[in-house]
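S.K.: I'd like to ask you about the structure that follows.
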Amino acid sequence: MDLKGSWSVKLSDGHHMPMLGFGTYATPDVPKSKVCEATQVAIDVGFRHIDAAYLYENEAEVGEAMRAKMADGTVRREDLFYTTKVWATFFRPELVRQCLDRSLKKLRLDYVDLCLIHMPIALQALESCKDAGLTRSIGVSNFNRKQLEMILSKPGLKYKPVCNQVECHPYLNQQKLLDFCRARDIVLVAYSALGSQRISHITPENSPFLLEEPVLTAIAKKHGRSPGQVALRYQLQRGVVVLAKSFTEKRIKENFQIFDFELSPEDMKALESLNRNFRYFSMNFAMGHPNYPFADEY
């Protein structure tokens, strides 16, 4: 893995992605103004990778935050790495660019750094968006091994996906998928890295609370850190780009403070042992679809 500067990873197309990203998904009860405020705090704290999506319906507010921080001199556009995602209602090839154009209009930006297909479907339509300069890199989200292989073996593939963004945390460490992606120079990006059991309308009832996991809390206590910081650091040391989402200033700052300590091999082994292949997001709405990605082992 080629690292540059302060924890960034070189993608297969030559661009660099910061390994710690700020997630912007918010449940309907969170005011959109809060997303704008939190994104500005995240940029002030040091986050330079912002992860968003058309589906989240708050790109106008995220864009407002980014432009505010550019206007006050905190960052330049080239300092920020912005990811958006094309949702399932736009997967017909002729609609993909329309979705990206809508995101760019809401953001009031000329381009995004990375555009992902949010659910498994053809990647070809995104290639034209890259050619048009609307996105610098293209990738996928929630693809399994078989679906990635289908893309990589597709005749005439112009640009392979630079990354695969999937749910990943100690209860679902995705080691086999990570090994597969690494061997093909595809970066794994972890969402729900802190667990998401409290999003009641999405996650299964009685989901385990990752941040109260005794092994995790014991390691955190040993290092004088929070369980969340340990969960994020765990991913960095595995070479996984990790997304951290919070709309609380104290927690946003805490989530960024993961570069000045290191987990021991024993810590990493203990965290690996927590894997139980448990998903907080099974995407039940897509079950039965031919492209449902979670029927296979990985």
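S.K.: Can we say GLY14 is of a type outside the set (S, T, N, Q), part of a loop (DSSP other than H, G, I, E, B) and within 16 Å of VAL112 (Cα to Cα)?
M.R.: Numbers: of a type outside the set (S, T, N, Q): yes; part of a loop (DSSP other than H, G, I, E, B): yes; within 16 Å of VAL112 (Cα to Cα): yes.
When the stated conditions are applied, GLY14 passes them.
S.K.: From the set of residues in segment 263-292 that are among the small types (Gly, Ala, Ser) and not in a loop (DSSP other than H, G, I, E, B), which is nearest to PRO170 (Cα to Cα)? Before you say what the answer is, go through the steps one by one.
M.R.: So in segment 263-292, the residues among the small types (Gly, Ala, Ser) come out as 264, 270, 273, 282, 286, 288.
Cutting the leftovers down to not in a loop (DSSP other than H, G, I, E, B) gives us 270, 286.
Working: ALA270: 10, ALA286: 25 Å.
Among those that are among the small types (Gly, Ala, Ser) and not in a loop (DSSP other than H, G, I, E, B), it is ALA270.
S.K.: Filter segment 163-181 down to the residues that are buried (at least 21 other Cβ atoms within 10 Å of the Cβ) and acidic (Asp, Glu) and list them by number.
M.R.: Passing the criteria: only GLU167.
S.K.: Report those helices (runs of 4 or more DSSP H) wholly inside segment 44-141 carrying at least 3 residues which are open to solvent by 10 Å² or more (accessible area, probe 1.4 Å) and touching a Phe, Trp or Tyr at 6+ places or on another chain (Cβ under 9 Å). Steps first, please.
M.R.: Values: elements: 59-71, 93-107, 124-131.
Counting at least 3 such residues, we get 93-107, 124-131.
S.K.: Test of understanding: among LEU274, LEU243, LEU232, which residue is touching a Gly at 6+ places or on another chain (Cβ under 7 Å) and under 23 Å from GLN165 (Cβ atoms)?
M.R.: Values: LEU274 fails: touching a Gly at 6+ places or on another chain (Cβ under 7 Å); LEU232 fails: touching a Gly at 6+ places or on another chain (Cβ under 7 Å).
Sole residue among the options that is touching a Gly at 6+ places or on another chain (Cβ under 7 Å) and under 23 Å from GLN165 (Cβ atoms): LEU243.
S.K.: Considering only residues that are among the charged types (D, E, K, R) and in contact with a Phe, Trp or Tyr (Cβ under 6 Å, 6 or more places away or on another chain), which ones fall in segment 246-298? Let's see the steps before the verdict.
M.R.: Filtering segment 246-298 for residues among the charged types (D, E, K, R) gives 249-251, 253-254, 260, 262, 266-267, 269, 272, 276, 279, 296-297.
The answer is ARG276, and nothing else.
S.K.: Still on this structure, please answer the following. Quick one: count up the residues across segment 54-87 that are under 19 Å from the mean Cα position of the chain (by Cα) and on the phi > 0 side of the Ramachandran plot.
M.R.: So the count comes out to 1.
S.K.: Return the residue satisfying two criteria in turn: it lies in segment 210-250 and is basic (Lys, Arg) and either crowded, with 18+ Cβ neighbours inside 10 Å or within 18 Å of the chain's Cα centre (by Cα) (or both), and of such residues it is farthest from ILE43 (Cα to Cα).
M.R.: Here is the first cut: in segment 210-250, the ones basic (Lys, Arg) are 221-222, 225, 233, 238, 245, 250.
From what is left, the residues that are either crowded, with 18+ Cβ neighbours inside 10 Å or within 18 Å of the chain's Cα centre (by Cα) (or both) are 225, 233, 238, 245.
On the way: ARG225: 22, ARG233: 19, ARG238: 25, LYS245: 13 Å.
Among those residues, the one meeting the criterion is ARG238.
S.K.: From LEU80, LEU114, LEU107, grab the single residue that is touching a residue at least 40 places away in the same chain (Cβ under 8 Å) and over 16 Å from TYR191 (Cβ atoms).
M.R.: Working: LEU80 fails: touching a residue at least 40 places away in the same chain (Cβ under 8 Å); LEU114 fails: over 16 Å from TYR191 (Cβ atoms).
LEU107 is the lone residue from the list that is touching a residue at least 40 places away in the same chain (Cβ under 8 Å) and over 16 Å from TYR191 (Cβ atoms).
S.K.: Of all residues being acidic (Asp, Glu) and either open to solvent by less than 30 Å² (accessible area, probe 1.4 Å) or without any contact (Cβ under 8 Å) to a residue 12 or more places away in the chain (or both) in segment 255-275, which is farthest from VAL189 (Cα to Cα)? Just the residue, please. Working first, answer last.
M.R.: Applying the first criterion (acidic (Asp, Glu)) to segment 255-275 yields 260, 262, 266-267, 272.
Now restrict to residues that are either open to solvent by less than 30 Å² (accessible area, probe 1.4 Å) or without any contact (Cβ under 8 Å) to a residue 12 or more places away in the chain (or both): 260, 266-267.
Working: ASP260: 21, GLU266: 24, ASP267: 21 Å.
Looking at residues that are acidic (Asp, Glu) and either open to solvent by less than 30 Å² (accessible area, probe 1.4 Å) or without any contact (Cβ under 8 Å) to a residue 12 or more places away in the chain (or both), I get GLU266.
S.K.: In segment 206-262, which helices (runs of 4 or more DSSP H) lie fully inside it and hold 1 or more residues that are touching a helix residue (DSSP H, G or I) at 6+ places or on another chain (Cβ under 8 Å) and over 18 Å from ALA38 (Cα atoms)?
M.R.: 214-223, 227-237
S.K.: Starting from residues that are in a loop (DSSP other than H, G, I, E, B) and touching a strand residue (DSSP E or B) at 6+ places or on another chain (Cβ under 9 Å), keep the ones in segment 142-159 and report whichever is most open to solvent (accessible area, probe 1.4 Å). Break it down stepwise before answering.
M.R.: Step one: filter segment 142-159 for residues in a loop (DSSP other than H, G, I, E, B), giving 142-144, 153-159.
Checking the rest, the ones that are also touching a strand residue (DSSP E or B) at 6+ places or on another chain (Cβ under 9 Å) come to 142-144, 159.
Values: ASN142: 4, PHE143: 7, ASN144: 10, TYR159: 57 Å².
Within segment 142-159, the match that is most open to solvent (accessible area, probe 1.4 Å) is TYR159.
S.K.: Further, regarding this structure: In segment 30-43, which residue that is among the polar types (S, T, N, Q) and surrounded by fewer than 24 Cβ atoms within 10 Å (Cβ to Cβ) is farthest from MET19 (Cα to Cα)? Let's see the steps before the verdict.
M.R.: Here is the first cut: in segment 30-43, the ones among the polar types (S, T, N, Q) are 33, 39-40.
Narrowing further to those that are surrounded by fewer than 24 Cβ atoms within 10 Å (Cβ to Cβ): 33, 40.
Details: SER33: 26, GLN40: 19 Å.
Within segment 30-43, the match that is farthest from MET19 (Cα to Cα) is SER33.
The values are calculated or read from the model by the stated rules, or taken from the named source; none is laboratory data. Everything numeric here is computed off the predicted structure, so don't read it as measured data. As a convention, Cβ positions derive from the backbone with ideal geometry for all residues, glycine included, and neighbour counts pool all protein chains shown. When the accessible area is computed, the model is the full protein with side chains, heavy atoms only, and any ligands, DNA or RNA have been set aside. Shrake-Rupley method; radii C 1.70, N 1.55, O 1.52, S 1.80 Å.
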